[in-house]
Amino acid sequence: VEKDSEIPGSSYGNFNNAFDELQEETTDDRNKRARINFGENLQQMMELKRKYDPNVLFDKWIVV
């Protein structure tokens, strides 16, 4: 069976460039992304983060 056309998004992919893009983000970009992702829960997430990770050991992707 020959493949006439490729279905978009059906092939294997990796997110190699996603990490590069995240490293280039500014603090404002990260804050905006955190507000979008956590919404009204952001304040509570920030309080928990300060309590359980005061030295910011976990600081990848979305840092609150």
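For the condition at pLDDT below 90, under 26 Å from residue 64 (Cα atoms) and among the charged types (D, E, K, R), residue 29 qualifies.
If I ask for residues that are at pLDDT below 90 and in contact with a helix residue (DSSP H, G or I) (Cβ under 6 Å, 6 or more places away or on another chain), which ones from the range 38-62 would you list?
The answer is 38, 62.
The values are calculated or read from the model by the stated rules, or taken from the named source; none is laboratory data. The shown structure was predicted, so the numbers you read here are calculated from the model rather than taken from an experiment. Backbone-built Cβ (ideal geometry, glycine too); neighbour counts: all protein chains shown.
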